[in-house]
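Take a look at the structure below.
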Amino acid sequence: MPQFVGSRTMTFKTLRKLFLLVIPCCFALAQPEGFTALFNGKNLEGWWGLGTENPATWMNLREGELSKKKQDSLADIKKHWHVENGELVNDGQGLYLTTEKNFRNFELLLEYKTVPLADSGIYLRGMPQVQIWDTTEAGGKWRFGAEHGSGGLWNNRPKEGWKPLIYADNPFGEWNHFRITMSEDRVTVILNEKLVVDNAPMINYWAKKGPLVEKGPIQLQTHGGEIRWKDIFIKELE
């Protein structure tokens, strides 16, 4: 009898391991028609590391200098970012994951999941940012507007778009889905199927009255706590 029970337990453990391995791939979002995957679900190919830096400055570096800047950033990226079960995982520290390619007008799809006290965002053309944060009072960011929810163009404050039109965040532990459209300087953000920013002009963080750069990267900002990302797709628009 003990031998039978042990065998049954071993079978259950084996099946459970197989289940955990298979589930992430089975439920990964299929690539939408017309979109390109920015994250291949396996490694960090196509990404480098950058902080909050004016793209008008670093994009004008000489080719050799820019190549070195990108290469040097990878040590930090490998320290703080990794891939797990088809998800990008950051420990809440380090440089922001930044696309090698620069984009002008686009529609961006992605999913994220975070933890209490984390603070994050999505940079568009290297410009901060579509805000992600802990929206609870315990998170300590209500004085900055966190109670209104994620998805706003926080650096627009107090102008149009900084505060989400509606609270749309899912509870901690659940995935959140963004659909972000950028056309020239206008940004529309849909979070969990709710419109939170409606065609608002994004303000240049470094030159409040100046134009945005014509092209720039997508950056996944993070600090303060673990955040996970998956199903990152982009469609370039005219």
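Each value in this text was obtained by applying a stated rule to the coordinates, not by laboratory testing. Remember, predicted model here, so these are calculated numbers, not experimental data. Using ideal geometry, Cβ is built from the backbone for each residue, glycine included, and neighbour counts are taken over all protein chains shown.
Under a 5 Å amide H cut-off, with hydrogens placed 1.01 Å from N, Asp169 pairs with Ser150 among residues at least 5 apart or on other chains. Judged by the mean number of other Cβ atoms found within 10 Å, the most tightly packed of the peptides 115-121, 145-151 leads the ranking 145-151, 115-121. For Gly152, neighbours were defined as the other residues whose beta-carbon sits under 14 Å from its Cβ, and their charges (Lys and Arg +1, Asp and Glu -1) total 0.
What is the diffusion coefficient of the chain in µm²/s, taking the Kirkwood radius over Cα pairs and the Stokes-Einstein relation at 37 °C with a viscosity of 0.692 mPa s? Show your work: numbers first, answer last.
Numbers: Rh = 19.0 Å.
Translational diffusion coefficient: 173 µm²/s.
Summing charges over neighbours of Thr222, with a neighbour being any other residue whose Cβ is under 11 Å away from its Cβ, gives -2 when K and R count +1 and D and E count -1. DSSP loop (so not H, G, I, E, B), at most 10 other Cβ within 10 Å: list which trypsin sites (Lys or Arg not before Pro) in the range 173-238 pass both filters. Here the trypsin sites (Lys or Arg not before Pro) that fit, given the DSSP loop and packing criteria, are Lys208, Lys209.
When Glu107, Glu65 are sorted by how many other C-beta atoms sit within 10 angstrom of their C-beta, beginning with the fewest, the order is Glu65, Glu107.
Per residue, how much space in cubic angstrom lies within the convex hull of the C-alpha atoms of the range 92-170? Show your work: numbers first, answer last.
On the way: hull volume 9.0 nm³, N = 79.
Convex hull of Cα atoms, per residue: 114 Å³.
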